[in-house]
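Before any comments, here is the structure.
FYI, it's all coordinate maths here, none of it is from the lab. Computed from a predicted model, the values in this text were never measured in an experiment. Positions of Cβ are backbone-derived with ideal geometry, glycine not excepted, and every protein chain shown enters the neighbour counts.
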Amino acid sequence: MQEACLTQTSSMNLRPYLLNLLFLLFAVLLSLVIGSVFIPPAALWQVLLGNTSTEPYKTFAFIVWNIRLPRTALITLAGAALGGSGAAYQGLFRNPLADPYLIGVASGAGLGAVAAMTIQWPYNYWGLMAIPMAAFVAGMLTVLVVYWLARMGNTVPTTNLILAGVAVSSFATALTSFLMLQSTGEVRRALGWLLGGISFSGWDAVLAMLPYILLSLGVLLFCGHALNLLQFGDEQAQQMGLPVNRARMIILVSASLATAGAVAFAGIIGFIGLVAPHVVRLIWGVDYRRILPLSILTGAAALLLADVLARVVLSPQELPVGLVTALVGAPFFLWVLRRAKNQGHW
Amino acid sequence: MFRKLTIALLAWVFVLSACGPAALPPAPTPLSVASATPASIRLTDGLGRTVVLSHPAQRIVSMAPSNTEILFAIGAGAQVAGRDMFSDYPEAAKSLPDIGGSMGQFSMEQIVALKPDLVLAAELNTPEQVQAMEQLGLTVYYLKNPTNLEGLYTNLETVGLLSGQDAKAAALAQSLKARVAAVDARIATVTNKPSVFYELDSTDPAKPYTAGPGSYVDLLIARAGGTNVGAALKGQWAQMSLEQLVVANPHFILLGDAAYGATPASLNTRPGWETLSAIRQARVLVFDDNTVSRPGPRLVDGLEALAKILHPELFK
């Protein structure tokens, strides 16, 4: 792995990282400040100062620290995972249309989640974790099945991966729809999940997804150089000393792991994994050593902003955040692409 | 390589499970038996959770229209502090603070800000939501849907206990029982059981949705002396092909989707429907779906309305 995925030291330009970090901090702050209950700026200031012994500051403090903070953490992790794995997939498949769901993680996870929802689980920690666990395992199994189907001898051509991924995804989606049509009570719950509604609050979900996302994104951060080499094509990358098959597998598994972790707890959230890497690439160039970390930061910030919108547009109604990312993300993406086209590069 | 990946995956599942229990939340607000006063209320809810209240709830948030209707019907309307967005009955409920509920998403912030001493959840809500509220220190009672009218009386009494309106709840249950018994008595003699097609949605007129077995509509049509043509289908929201509908040729068509724009006249324009005798003989009626879809006291209104439609001769 050290050889497959290693970063070559290069002259570090800190400016993009600082700017993106500031953007993320701004989004985190916004996510803590804005919600369906309006907290006046003066009151919020008191809450941040810790003057919370009297009402209504006590309630405001409770809302900020016990509802908004864990949710902000969950959204940050999910957005980071989707942004990072989106960049990795785009680099891996050398395809600007690739997103983290390309080879079936989401449809597999959806099938797992909906299948688990048809069972009456006991009301306890494990019963409540059954659905995200099923989503996670089914998402990863789907990727493994796709990988196995796409294998030709010792190599796994990316075209095969995409084709097998599309086929397996369609199959899983069809099964999911079938299960939903068969069920009576679970449809609403399943629909909310598939639209990317956050059903979890509190720290349980954050703690459960943290190890996967930290580990997988950590590995991906070391794969920038490998992804750069892969852009030249497999043969050339091999000649430049990259163990192509192994590097590809490491990237694929890490990116899928991050995606499965995000999807299991936050539902199926579209567009972040597609848009974040594109925006980063347009602004900061095509070096994957830079695209990966910046996509992670941008993905997290973008999903946070989408979630803020989801909470306030129809307040006190909360929209599933996946709906907002699609509604806002698609036109935004087109705008970004048009601008890029006008400047002479897609 | 494939096997390695599988092993790695299993290892990760193990890690997930290993760090699971550590993440268990601190026990929610300690409401132990010892701290409960003799007058405290102790009940087991629909999720098997033990819910303890030290005194009848005075600030109740209702998470479902049926719960709101029950609370108002048993005289606890003044104790309702908030309600979900679909709670539109009775009129007084509409002016209460809204806690959301579109696409199953509720605003936990609003609920907390209302400072309820009881959140009355229903089967519309997910166990995840119950857990989330529990972790926020709220007292939540999950009221399971009744499977028959007898279960409705039990639910009324449960909510009566929780809100301290047990006497009124018992009185309401008694009067509902009497009304149902009156319908039962009149229906007991009928021998003809007219068939009913209850329309829930016909966005696609070639395969409209109808109330399937186990639904309240199905239950109430049978109790009102009719035959639900949807009873033979599968699932509570069941899709019926136009072919099956033509063969069943129901005596009545009830438009439960009238609130969404279906009118008796619009049925004439649906291709293939003109053969149905209910349409040719004008036995298509608008029906208030809220009286037969929400597991609250208005189910009895729905039963009476159905009985009058099916057997007008008995209710002169």
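Descriptive notes on the structure:
- The range A:59-70 - phi-based ³J(HN,Hα) in whole Hz, Karplus 6.51/-1.76/1.60, Gly and Pro as x: 5, 4, 4, 4, 5, 5, 7, 9, 10, 6, 5, x
- Kyte-Doolittle mean at least 1.0, axial Cα span of 18 Å or more - DSSP H helices of chain B: B:2-19
- Across peptide A:316-323, the mean count of Cβ atoms from other chains lying within 10 Å of each residue's own Cβ comes to 6.
- Average projected area [Cα convex hull, chain A], square nanometres: 19.5
- Gyration tensor verdict on the range A:96-237 (Cα atoms; rounded if a/c is under 1.5, prolate if a/b is larger than b/c, oblate otherwise): oblate
- Neighbour counts of other Cβ atoms within 10 Å put B:Thr210, A:Thr72 in the fewest-to-most order A:Thr72, B:Thr210.
- Working ranking of peptides B:275-287, A:97-109, B:112-124 by packing, defined as the average number of other Cβ atoms within 10 Å per residue, highest first, is A:97-109, B:112-124, B:275-287.
- Computed from Cα positions, the angle between helix A:288-312 and the longest principal axis of chain A comes to roughly 30 degrees.
- Shape parameters for the range A:38-171, alpha-carbon atoms, Rg then Dmax in Å: 21.5, 69
- Charge dipole (Cα centre; +1 on Lys/Arg Cβ, -1 on Asp/Glu Cβ; no other charges) of the range A:15-342 amounts to roughly 520 debye.
- Close amide H contacts of B:Val80 (hydrogens built in the peptide plane, cut-off under 5 Å, sequence separation of 5 or more or a different chain): B:Ile60.
- Compared with the dominant Cα axis of chain A, that is its longest principal axis, helix A:244-266 is turned about 20°.
- Amide hydrogen proximity for B:Leu96: with H placed 1.01 Å from N in the peptide plane, no residue at 5 or more positions away or on another chain lies under 5 Å.
- Label point distance in nm, B:Thr263-A:Trp148, each placed 7 Å from Cα along Cα→Cβ: 5.9
- Here the Kirkwood formula puts the hydrodynamic radius of the range B:41-179 at 14.8 Å, using every distinct Cα pair.
- Estimated at 0.36 nm per residue, the fully extended path between A:Phe178 and A:Gln239 surpasses their Cα-Cα distance by 17.2 nm.
- ³J(HN,Hα) computed for each position of the range B:276-284 - Karplus, 6.51 cos²θ - 1.76 cosθ + 1.60, integer Hz, glycine/proline x: 5, 5, 4, 6, 5, 9, 6, 10, 10
- Among residues other than A:Ala264 with Cβ under 13 Å from its Cβ, the summed charge is -2 (Lys and Arg +1, Asp and Glu -1).
- Gyration tensor (alpha-carbon) shape descriptor, the protein assembly as shown, a/c threshold 1.5: prolate
- To the nearest ten degrees, helix A:321-342 and the longest principal axis of the Cα atoms of chain A are 50 degrees apart.
- Placed amide H near B:Tyr142: partners under 5 Å, 5+ positions off or other chain: B:Gly46, B:Leu47, B:Ala121
- Per-residue ellipticity at 222 nm, computed for chain A from helices alone with -39500 (n - 2.57) per DSSP H run of at least four residues, works out to -23500 deg cm²/dmol.
- Pairs over the 23 Å Cα-Cα cut-off, from the set B:Lys144/B:Lys193; B:Lys144/B:Lys177; B:Lys144/B:Lys308: B:Lys144/B:Lys193; B:Lys144/B:Lys308.
- Number of partner chain Cβ atoms within 10 Å, mean per residue of A:201-209: 5
- Using θ = phi - 60° and Karplus 6.51 cos²θ - 1.76 cosθ + 1.60, couplings along the range A:125-130 (whole Hz; Gly, Pro as x): 3, 6, x, 6, 7, 4
- Compactness of chain B was expressed as the Cα radius of gyration divided by 2.2 N^0.38 Å, which yields 1.19.
- Calculated diffusion of the range B:212-312, Stokes-Einstein form, Kirkwood radius summed over Cα pairs, 37 °C and 0.692 mPa s, µm²/s: 234
- Shielding by partners for peptide A:29-40, expressed as the average number of C-beta atoms from other protein chains within 10 Å of each residue's C-beta, is 2.
- Residue order, fewest to most surrounding Cβ atoms within 10 angstrom, among A:Tyr17, B:Tyr89: A:Tyr17, B:Tyr89
- Under Stokes-Einstein, with the Kirkwood radius over Cα pairs as Rh, the value for the range A:283-323 at 20 °C and 1.002 mPa s is 184 µm²/s.
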